[in-house]
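Beneath this line is the structure, given in structure tokens, with notes to follow.
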Amino acid sequence: MSTAAGGDRGARQGGSGKGPETEPGVADLFGRLNLTEEEGEVAAFSDDEDEDAGVQWAVVGKVLSPSTIHATTIKGAMKPAWGNPCGLKIRSIGEKADNLFIAEFGDKFAMERALEGSPWLVGKHAVILRDYDDRLVPSEIVFDKIDLWVRILNLPLGWMNAHRGTRAMGLVGDVKKMDVDGDGKASGPFLRARVAIELAKPLRRGVLLKTDRVKPPDWFDLQYEKLPFFYHSCGVLGHGDLECATPAPRNALGKLLYDITLRAPEDKKKKIQSLTQAAAESFGMVL
Ligand SMILES: [Zn+2]
């Protein structure tokens with residue numbers, strides 16, 4: 001099945017709508033699938049199609065939840081979080097249990113704001129986004145990483161910069177952005193970076209850094225901002241005790257290996273997350 005689908009896409013990408021005799025890839029399909037002459041007919045896209053047929057400003061998303069989340073629930077959470085952008089449309093794609101969706105925006109600015117502001121949450125569950133591509137097939141869409149803002153706490157002064165900080169953050173995942181000033185220096189009580197983290201692996205609780213030539217490496221605690229739902233036994237995002245394949249035993253004190261301290265406390269100076277919230281807060285409305 002999958003090889004047939006792959007070949008079919010190859011044929012579509014050829015895209016000129018000619019007969020099977022000249023379409024690259026189709027002759028090969030004829031042989032493998034024993035196509036009838038009718039089945040060998042090709043429908044192709046053309047470059048002069050209406051704008052309506054395509055999608056201009058869109059992202060593909062997934063809610064990382066063990067239960068099925070309906071598109072209206074996703075829209076109910078994302079619309080205020082994204083500042084009620086003009087023209088927002090959300091629809092489910094693929095198998096229900098995969099919680100995949102497409103979000104369309106009225107303009108590029110709103111789309112980029114959503115892409116760069118992740119992680120977003122539906123309830124406590126993470127929403128992961130990626131660029132939309134016309135050629136994506138829902139069953140093949142893979143979300144294997146999530147971008148999170150990570151903090152390393154109580155670092156020695158010599159590590160509060162982009163140079164060494166990137167090395168430390170590199171232990172956590174792919175470093176997308178360091179929160180440093182124009183000179184590459186970090187300020188505040190922790191080092192902060194946006195890091196792409198592998199979803200299949202347990203969250204790291206800290207990093208080992210050799211901060212001194214002669215002494216052994218030291219352990220530095222990590223915290224994650226807006227950390228979504230994860231299982232406190234295995235440390236993996238997106239599932240709970242019922243779905244876990246690799247639960248870990250409790251320690252001698254009866255505690256699970258992971259706990260809520262991995263979640264960074266909310267800023268004291270509260271960031272306004274959306275226009276709706278801002279309006280609600282200034283007029284004292286209850287949401
Ligand atoms: Zn697990």
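The values are calculated or read from the model by the stated rules, or taken from the named source; none is laboratory data. Computed from a predicted structure; not experimentally measured. Glycine gets a Cβ as well: all are built from the backbone with ideal geometry, and neighbour counts include every protein chain shown. Heads up: the accessible areas ignore ligands, DNA and RNA and are worked out on the full protein's heavy atoms, side chains in. Shrake-Rupley method; radii C 1.70, N 1.55, O 1.52, S 1.80 Å.
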Check: When you scan segment 160-178, how many residues do you find that are under 20 Å from Leu262 (Cβ atoms), open to solvent by 30 Å² or more (accessible area, probe 1.4 Å) and out of contact with any Ser or Thr (no Cβ under 9 Å at 6 or more places or on another chain)?
Finding: 4
Check: Applying the selection to segment 250-261, what residues are open to solvent by 70 Å² or more (accessible area, probe 1.4 Å) and within 13 Å of the ligand (Cβ to nearest atom)?
Finding: Leu257
Margin query: I need the full set of residues from segment 190-237 which are away from the ligand (no atom under 16 Å from the Cβ) and open to solvent by less than 10 Å² (accessible area, probe 1.4 Å), in order please.
Written below: Leu191, Ala193, Val195, Ala196, Gly206, Val207, Leu209, Leu222, Tyr224
Item checked: Pair list, Cβ under 6 Å, 6 or more apart: segment 215-240 residue part of a loop (DSSP other than H, G, I, E, B), other residue small (Gly, Ala, Ser) and more than 9 Å from the ligand (Cβ to nearest atom) -> Glu225/Ala264; Pro228/Ala126
Notebook entry, point to check: Within segment 82-132, can you find the residues that are assigned to a helix (DSSP H, G or I) and open to solvent by less than 20 Å² (accessible area, probe 1.4 Å)?
Noted result: Ala110, Ala114
Note to self: Which residue is least open to solvent (accessible area, probe 1.4 Å), if the candidates are limited to segment 179-189 and must be out of contact with any strand residue (DSSP E or B) (no Cβ under 7 Å at 6 or more places or on another chain) and within 13 Å of Ile152 (Cα to Cα)?
What the structure shows: Gly188
Next item on the list: Please go through segment 144-159 and pick out each residue that is surrounded by fewer than 19 Cβ atoms within 10 Å (Cβ to Cβ) and outside any strand (DSSP E or B).
Entry: Asp144, Asn154, Pro156, Leu157, Gly158, Trp159
